[in-house]
Each structure stands twice: as structure tokens, then as C-alpha cells.
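Scroll down for the structure; my scribbles are underneath it.
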Amino acid sequence: MIKVVFTYKTKKQDLPELMAKFAESGSNPKFHSEVSNEKIEMFKRTEGEDVYMVLDIYYATKEAYETRTAFERSQPEWNAIWFSEDNKHEEVSVQLFEVL
């Protein structure tokens, strides 16, 4: 099993919008695929006006993560949510870990 740690940074006032993006990503049937995660955990840290959101997403294998990522990136609607030019939220990092 692997854990993929996504870290996002946003402003306090933009947090509801980021949370709505997470909700849309998880609930929209267009984004459901045969290969999916095993579990998601979410964490928040606030530093002044900045909010850091961390998603720990678990996949059975690295290949499952790569397949899921390719599926997501093939969806124009997904790209509009996460990679539009007017996106207010910074993806700080994406890190892969092997779960021991």
C-alpha cells in the first residue's frame, strides 16, 4: 500500500471554496473510476491568514495511484476544478510513501 500526501495552501477566506472543490471531486459521478483510493484522511493547519490542507490518500499500489491520476487528468471538468488559471489555491507538494 502507498500513501500519497497532497498539501495545499490557501487563504482563510478562500477555504470554503477549496473545501467545495474537495467535495465536488469526491461526489461527482463523472470522477468515479474502477481504480480508486482505499482511504482518505484530511488535516488542517492555520498560520496567520494561511491555511494548509493535507490530504493523505491511500492506494493499493503505486500503479493504482498512477492509473487514477491518469484518469483524473483525462477529465476536462477535473482540470477545470484543479488547474484553471484563476485557481486561488496552491498545491504545495505531492509526496508518495510506502506504507510499512
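Every number here is computed from the coordinates shown, using simple stated rules; none is lab data. Fair warning: this is a prediction, and the values are worked out from it, not measured in the lab. Cβ: placed from backbone, ideal geometry, glycine included. Neighbour counts: every protein chain shown.
If one takes the longest principal axis of the Cα atoms in the chain, at what angle in degrees, from 0 to 90 and to the nearest 10, does the Cα axis of helix 62-73 lie?
60
V51's amide H: which non-local residues (gap 5+, or another chain) put their own amide H closer than 5 Å, with H modeled 1.01 Å from N in plane and none for Pro or chain starts?
Amide H neighbours of V51: T10, K11, K12.
Can you give the angle from 0 to 90° between the axis of helix 15-27 and the longest principal axis of the chain, with both taken from C-alpha atoms, to the nearest 10?
20
Label K21 and D86 with points 7 Å out from Cα along Cα→Cβ: what is the distance between them in nm?
Modelled inter-label distance: 1.4 nm.
Only helical DSSP H runs with n ≥ 4 go in: add -39500 (n - 2.57) per run for the chain, normalise by residue count and round the 222 nm mean residue ellipticity to 500 deg cm²/dmol. Kindly include the intermediate steps, with their values, before the conclusion.
On the way: 3 runs with 32 residues, N = 100.
Taken over the chain, the calculation gives -9500 deg cm²/dmol.
Scan the stretch 1-79 for GluC sites (Glu not before Pro) in coil per DSSP, keeping those whose Cβ has at most 13 other Cβ atoms within 10 Å, and list them by number. Intermediate results must be reported in sequence, preceding the final value.
Working: sites: E17, E24, E34, E38, E41, E47, E49, E63, E66, E72, E77; in loops: E34, E38, E49.
Sites meeting the loop and neighbour criteria: E34, E38, E49.
Note down the magnitude of the dipole of the chain about its Cα centre, charges +1 on Lys and Arg C-beta and -1 on Asp and Glu C-beta and zero elsewhere, to the nearest 20 debye.
Details: 13 positive and 19 negative charges, 35 e Å.
Result for the chain is approximately 160 debye, rounded to the nearest 20.
Relative contact order for the chain using alpha-carbon pairs under 8 Å, separation at least 6, rounded to a whole percent? Before the final figure, lay out the partial values.
Values: 149 pairs, mean separation 49.7, N = 100.
Reported as a whole number, the value is 50 percent.
Taking H as built 1.01 Å from N, whose amide H comes closer than 5 Å to the amide H of E38, not counting residues under 5 places away?
Amide H to amide H, under 5 Å and 5 or more residues apart or across chains, E38 pairs with Y58, Y59, A60.
How far is it, in nm, from the label point at E66 to the one at E38 when both lie 7 Å from their Cα along the line to the Cβ?
It works out to 1.8 nm between the two label points.
Show me the chymotrypsin sites (Phe, Trp or Tyr not before Pro) within the stretch 29-100 that DSSP assigns to loop and that have at most 11 other Cβ atoms within 10 Å of their Cβ.
Working: sites: F31, F43, Y52, Y58, Y59, Y65, F71, W78, W82, F83, F97; in loops: F83.
Hits after loop and neighbour filter: F83.
Which three lengths, in whole Å and largest first, does the chain cover when its Cα atoms are put on their principal axes?
Extents along the principal axes, in whole Å: 37, 33, 20.
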